[in-house]
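Read-outs throughout are calculated quantities, based only on the coordinates presented, and are distinct from any laboratory measurement. As the structure is a prediction and not an experimental result, all values here were calculated from the model. Here the Cβ positions follow ideal geometry from the backbone for every residue, glycine too, while neighbour counts run over all protein chains shown.
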Amino acid sequence: MEKESIQKTPPRQESHQIAEQRRVRLSYIEGWLSLVFNTILFGLKYWAGLTSGSVAVIADAWHTLSDSLTSIVVLVGTKISSKSADEDHPFGHGRAELIASIMIGMLLAIVGINFLIESIERLRNHQTASYGWLVIIVFVISVIVKEGLAQFAIRAGKKTESKALMADGWHHRSDAIASVVILIGVFAGRYFWWIDGVMGILVAILILYATYEIMKQSVNPLIGEKADDELINNLAEITGGVIKNGFDLHHIHVHRYGSSTEVTFHIRFLSEISFREAHQNVTVIEKKLKEDLNIEATIHFEPAD
């Protein structure tokens, strides 16, 4: 009687699958939390703006609402990027998350530029901040909630290596900083008429800098980037564990698709070796890269001479 064959997923490969599931789960949690809290904050800020007659508060309310839009982008980007590979997309859909990050970066840029223009206009027109206690309470709540969302999104993004989550976290933080500026204007504006405009310019610069960092981290993988030192060292270490008689690595190319990474490189053997043995070595290296680093490798091997 033949024994039924049972296929098991290698432990390390299984851990990569668990990490991907955790990334998707945290992205969904962050996206829905952000959507709910930002919508509530928008209502509170808009109400405070109408009550106080403050254009700045109403404008910041719409800034908060833009965070809800970026949360929708995160949710849609996560949904698409978690889809498995198919015939039309053999490398999966991981780069949808990078596209989502770029969209968040563009929204941040618009917010930053509008903030800059509005702050300059305030200085030109000698406008001051004049808010009541309702505005103070609402914006204290806003700072606490937005910084809490930012901490959650950024930590989850670092833990899961999700650029979209980190981008959304910076967007939350930009709103928290904007709320702090308005609070500063409440207490300092009575002494310095220009404080609201100057702090607004500083916030705009911070927002635009965050935009630059987000766009750089998202655009580079789409354009194509060189292998970093850590990856090169990992390739050399795993290759050295298989090939004992010396080798040379070159032509290393990296292609990242979200959490999926494809690497192609050449191995030149530094000692005589048969074709069969070289092929066996390369097969073992490709398997170890998949199990240890979750990297799909394509390797070209060359003779010693």
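So what's the convex hull volume per residue for the Cα atoms of the range 229-302, in Å³?
Dividing the Cα hull volume of the range 229-302 by its residue count gives 78 Å³.
So if we plug the beta-carbon distance of L50 and I144 into 1/(1 + (r/R0)^6) with R0 = 22 Å, what FRET efficiency do we get, rounded to 0.05?
The calculated FRET efficiency here is 0.45.
Below 8 Å between Cα atoms, with a sequence gap of 6+, how large is the relative contact order for the range 229-302 in percent?
Reported relative contact order: 33 percent.
Karplus couplings for the range 150-157 from phi (6.51 cos²θ - 1.76 cosθ + 1.60, θ = phi - 60°), rounded to Hz, Gly and Pro as x?
5, 4, 5, 5, 5, 5, 5, x
Tell me the label-point distance for the pair D248, A227, using the 7 Å Cα-to-Cβ offset, in nm and rounded to one decimal.
With each label placed 7 Å out from Cα toward Cβ, I get 1.5 nm.
Hey, fewest Cβ within 10 Å first, where do V138, V143 land in order?
Fewest to most other Cβ atoms nearby, the residues stand as V143, V138.
Give the calculated FRET efficiency between I137 and K79 to the nearest 0.05, with a Förster radius of 35 Å applied to their Cβ-Cβ distance.
0.45
What residues have an amide H closer than 5 Å to that of F247, excluding those fewer than 5 places away on the same chain, when H is modeled at 1.01 Å from N in the peptide plane?
For F247, whose amide H was placed from the backbone, the distant partners under 5 Å are L270.
Within the range 221-250, which residues have the backbone N less than 12 Å from the label spot 7 Å out from S271 along Cα→beta-carbon, could you tell me?
What the label zone holds, given the 12 Å backbone N cut-off, is 243-247.
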